Structures are given as C-alpha cells and as structure tokens.
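Worksheet: the structure to be examined is printed underneath.
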Amino acid sequence: MRCVLLIVAALLSSSCFTQQAETATVQTTSPVNEPYIYERLHYYFSRNEIRPSQIINNLNYDGWKPGTETIRIGANTVKWTKKVDKNALTASVSINGNLIDLDSKKSFNNADGENKIDLAMVGNWDQIKLYRVHDQEVIAISVTPVSCTGLMCSVAAQLFYDLRTKEASFFGSYRTDLGATLFQLTGGNENYFVATNFSGDPHGGSISAVNYELYKLLPNGKFQVQKNAKGQNFYIKHTRQPEKLNGAKDDLLEMTWVSPIDLD
C-alpha cells in the first residue's frame, strides 16, 4: 500500500461528531471459525460501495518537496500545500478557498489499538473522490505519510468535506485498506463510512484483530456513530490467527451489524 497521507483528524467536539442509537434489523454472531474472512468481507464492502462521480489519483508523488498543488475535481478546486522546515513537514488543504490545517488534527476514531492517528504524521494526498449522493456533494481525500518506512507505510487518513455545509470530518486507519469510501448498507438512501481499528501483532506472528465500526453521513455533513437498540455500537470483528498458533487454521468472525451480511 502506498504511504497514505492520513487525512486529518478533527478534534473530538460536539460540533463535529455526534452519537445516536439506531434501531435496525441486525445480524449478530458469536465468535466462530470461518475461512477466507478477509476476502469475503472485502467482497461485501466492494459490493456495497457507492461509486464516486469522479476519482483523481496522485500520480506525481513528490515526497518532501514543498509547494502547492492545485487539483480540480468537478467544479471544485482543491489546493494541497506542503511546507518544510528543517526535518519537519506540515500539510494543509484548501477546498474552494476554505483552508483546513491538518497539522493539529487527530482522527475521530481510534485506529491503532487505543490510539488515534495524528495527522501531523501525514502530508501527501493519495486519492481524491467526488461523491454526489442524493442532495449532498462530498469530497473524500485519502492521505498517506510522506516518509514510508516500516510500519509507517500502513498508516493512512481519510478526510470528508461536505461542499454545502463546509463540514470537515477526519478518520484514520492502520493496516486496513477501505480508504475514503462511502457505502450504502441498509438498502435505503443512508450513506455510511466504515472506520477500522487494528490491534495486536502487526507482524502477523501472533493474534491480531480488525474491528469495523459504522458511521452515518448526516445531511449537515457530520458523521454519527451508529448503535443498535441496546445502545451498543454496530461492529464487525475479524480476529486473525496464525496457523502455527494452537493449531488454528481459520480466523474468527463475530459481529453485531446494521443489516444481515451474506458471507457465503
């Protein structure tokens, strides 16, 4: 995976991030051994991904080179600026003239165990998408670190920007690859982002787990974590078990999810 310029984690404030219970038909499973969990979940999310109106990939990776790059997507102008002072790089993004400083931000979600992604670690945009979903237009940017060495290559951030309300939302990821992507998972007009959290051994020598958590895009451009009728977060947990560990051959899957998932 390319060094993903993790995009911007906004400060956790009530003005940017809200929580609310949601009542829905859910699928709940206890931990069970299942084969090919990663591949099957990848297929499930790919099948329910909202197709963007336009995608622009960064084909001119320039590392630590300072300057401002202008990207036009739809009728919108995105300016990505990098400043270098000795061994420190700071990045900011301007969308239609609205400046967003990434250096002081952290991700809404915990991405690496109990840790959020510090956006000061990232500085390169990797991909920009334009979503037109019902009466909303949203720009989604995937961001990666400038320096890709060792485990840093697995860090990424996702920035979502509502073009009407000018609301910016920031998520982070580590050793997962859903990117800055919106989904329709309930058969209705609701639009979702799925945040991920990695915990355990990043080298694969012992048990690790990826948790998927559901956020709903609201009409005001904010994202809201989704809960079931009992007030519990919707989640999918994929526990990875190396074959050499206790003779385990298959990984573990458990979930309480917003709608049934057919993983066959």
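The values are calculated or read from the model by the stated rules, or taken from the named source; none is laboratory data. This is a predicted model, so every value here is computed, not measured. For neighbour counting, all protein chains shown are included, and Cβ atoms are generated from backbone atoms with ideal geometry for every residue, glycine included. These accessible areas exclude ligands, DNA and RNA; they are computed on the full protein's heavy atoms, side chains included. Shrake-Rupley method; radii C 1.70, N 1.55, O 1.52, S 1.80 Å.
Data overview
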{"read-out": "Spin-label pair ASN60/ASP85, simplified geometry with 7 Å Cα→Cβ offset, distance in nm", "value": "2.7 nm"}
{"read-out": "Cut-off 18 Å (backbone N to label point 7 Å along Cα→Cβ of ARG51), residues of the range 152-187", "value": "181-185, 187"}
{"read-out": "R0 of 45 Å, Cβ-Cβ distance SER147-LYS230: FRET efficiency to nearest 0.05", "value": "0.55"}
{"read-out": "Relative pair counts by distance (%), Cα atoms of the range 29-85, 10 Å bins", "value": "15, 28, 21, 21, 14, 1"}
{"read-out": "List ARG175, ARG47, ARG164, ordered by accessible area with a 1.4 Å probe, largest first", "value": "ARG164, ARG47, ARG175"}
{"read-out": "TYR43, TYR161, TYR38, ranked by accessible area, largest first (probe 1.4 Å)", "value": "TYR43, TYR38, TYR161"}
{"read-out": "Cross-link table LYS83/LYS105; LYS65/LYS216; LYS116/LYS222, entries beyond 25 Å C-alpha to C-alpha", "value": "LYS65/LYS216"}
{"read-out": "Relative packing of 119-125, 201-207, 108-114, 185-191, which averages over residues the other C-beta atoms within 10 Å, highest first", "value": "119-125, 108-114, 185-191, 201-207"}
